[in-house]
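The values are calculated or read from the model by the stated rules, or taken from the named source; none is laboratory data. Here the structure is a predicted model, which is why all the values come from computation and not from measurement. No Cβ is skipped: glycine too gets one built from the backbone with ideal geometry, and neighbour counts run over all protein chains shown.
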Amino acid sequence: MIKVAEVIQLMGEIAPADLAEDWDNVGLQVGNPNQEVKNVLIALDFNKNVLAEAIDKNCQLIITHHPFIFNGLKSVNTQNQSGSLIFDLVKNDISLFSAHTNLDIAENGLNDYLINKLDVKNISLLKSTKSQNYHKLVTFVPKSDFKKLRDALYAKGAGKYKHYSHSGFYSKGTGNFKPLADSNPYLGEKDSLNEIEEYRFEAVVSDDKIDQVVKELLKVHPYEEPAWDLYKMENLKSEQGIGRIAELKSEIKLQSFLDKIKDVYNLDVIKVVKSKNKVKKIALCSGSGSDFIKDAYYQGADLYLTGDVKYHEAQLAEELGINLVDFGHYGSEKFVRELLVERLNNEASSKLKKELNFLKSELNTRPWEYQ
């Protein structure tokens, strides 16, 4: 049987927790990592109706986009709504997990999913939030121990970059050294200049993996004093960020594109600031992205698509001369359900090889009504 911790590990592949903004609260909100899971409900929000749906569908885990526990709780009791819901989760053996800004930012996360619903090309970040530097690790190891060391370093994350893992280079050569009186050499004779057939092995290592990779090298390497070097790679860096910007495959009239937005995102109504008659380059940010209006403008977007736009923010777009579309907080983030059901089914089938059902919540948790 699958456990909650295994599903959390899958979510870590889709939306790594370290991508989340500092103010966010993601991860396991309520529950036991060792709890067994057969059915998982995917929802945008958590409330009493979502809990009832999870109970009705015999779900042992609920994954939401919006964190239920966002600010610190001073107490948990049944005299308030949040405390009562936590008690009900525990009584029904249901765990609760959240992936929020980490899912927005992640590659192939929510923002990529949304912008790819339009006919676009050349997708890039709207606003960079974090960057990852890389180093090149180089070491020398005797032929007999090469594969053992290489595989151990790969297992700790060496050679991982974007969509590739286990990437490295090795070549044969000759190493020489003279062990002194107090040495304890793995190969060769003391007080003699020894020549040993060795492999030079090198692989890229991201900043966050350096400590564990080097620790593994020193643990697995057979030499008493292994030779290794670490070089900072000025030409290699990966960035993560919020929102996306892209070019439409063909220029389109504004009104036609507005109609397309409503159709693609299944919206009854949108709010619009009209400034240009034609659209070629667009920017998008799910949820509340009005802070990035200027970023969209400075990157040359003809139209910016986001939610929760206030009056004065709309005026800013008007002054800048950029088309602005507010398609609602719920209007953009409702798609997190189908995104996660699709991604988790793919991850589970390839990695867990066990029966696990991911169910899309059918509830509309939007508080607004439009008349």
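Restricting to region 136-195, name every residue that is in a strand (DSSP E or B) and of a type in the set (Gly, Ala, Ser). Within region 136-195, SER171, GLY173, GLY175 qualify.
For region 54-75, indicate whether the set of residues that are within 30 Å of PRO185 (Cα to Cα), touching a residue at least 12 places away in the same chain (Cβ under 8 Å) and not aromatic (Phe, Trp, Tyr) is non-empty.
Initially, region 54-75 is screened for residues within 30 Å of PRO185 (Cα to Cα), giving none.
No: zero hits.
When each of ASP24, ASP18, ASP93 is tested for being in a loop (DSSP other than H, G, I, E, B) and under 30 Å from GLN132 (Cβ atoms), the lone residue that passes is ASP24.
In the set THR64, THR101, only one residue is farther than 19 Å from GLN35 by Cα, of a type in the set (Ser, Thr, Tyr) and surrounded by 14 or more Cβ atoms within 10 Å (Cβ to Cβ); that residue is THR101. From the residues in region 34-61 that are assigned to a loop (DSSP other than H, G, I, E, B) and exposed (fewer than 14 other Cβ atoms within 10 Å of the Cβ), which one is nearest to the chain's Cα centre (by Cα)? The qualifying residue nearest to the chain's Cα centre (by Cα) is ASN34.
Sort out which residues of region 63-81 are farther than 23 Å from ASN111 by Cβ and either in contact with a strand residue (DSSP E or B) (Cβ under 7 Å, 6 or more places away or on another chain) or in a loop (DSSP other than H, G, I, E, B) (or both), and write them in order of number.
Within region 63-81, ILE69, ASN71, GLY72, LEU73, LYS74, SER75, VAL76, ASN77, THR78, GLN79, ASN80 meet the criteria.
Every residue in region 301-356 that is among the polar types (S, T, N, Q) and either in a helix (DSSP H, G or I) or surrounded by fewer than 18 Cβ atoms within 10 Å (Cβ to Cβ) (or both), please.
Listed by number, the residues that qualify are GLN315, SER332, ASN345, ASN346, SER349, SER350.
Among residues of region 256-285 that are in a loop (DSSP other than H, G, I, E, B), those with a Cβ under 6 angstrom from a residue that is surrounded by fewer than 12 Cβ atoms within 10 Å (Cβ to Cβ) and modelled with pLDDT under 95, sequence gap 6+ or separate chain, pair up as VAL269/TYR370.
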